[in-house]
Amino acid sequence: MDTYDILLYGSYILIAVGAVVAVFMPLIKSLDNPKSLLKTAVGIVGIVVLFFIAYSISSNEVLPKFEASPFNLTPAGSQLVGGMLITTYILALVALGSIVLTELNKAIK
């Protein structure tokens with residue numbers, strides 16, 4: 001059993017190292033080209049703004065069955081989940097719309 005534990009801890013360390021490298025290496029590489037870093041920042045700010053718009057229009061109503069013991073959902077948690085769902089729906093629609101427009105553009109050319 002000890003071998004399994006050691007290997008699991010080793011895999012956790014490798015996953016953490018991989019996540020850190022996946023986040024920081026593009027940032028280090030983008031220092032050569034600051035315009036790419038600006039484009040990334042604009043995209044992140046856009047998604048954050050979209051989330052806050054979705055959060056502000058989502059409801060904080062909690063059904064009685066979700067207030068019970070397994071979920072313990074609060075109105076703030078319900079509004080957060082609603083905001084995330086609305087953000088996901090909007091991003092999915094934008095992705096589908098861009099796919100359709102790209103294919104139509106290819107068909108016309």
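The values are calculated or read from the model by the stated rules, or taken from the named source; none is laboratory data. Computed from a prediction, not measured in an experiment: that's the story for all the values here. Every residue, glycine as well, gets a Cβ built from its backbone with ideal geometry; the counts of neighbours run over all protein chains shown.
A few notes on this one:
- Total residues in region 64-80 satisfying the condition of being outside any loop (DSSP other than H, G, I, E, B) and surrounded by 13 or more Cβ atoms within 10 Å (Cβ to Cβ): the figure is 5.
- Long-range neighbours under 9 Å by Cβ, at least six apart or interchain, first residue part of a helix (DSSP H, G or I) within region 91-109, second at pLDDT 95 or above: Leu91/Ile47; Leu91/Leu50
- Region 28-55, residues that are farther than 30 Å from Ala76 by Cα and within 18 Å of the chain's Cα centre (by Cα): Lys39
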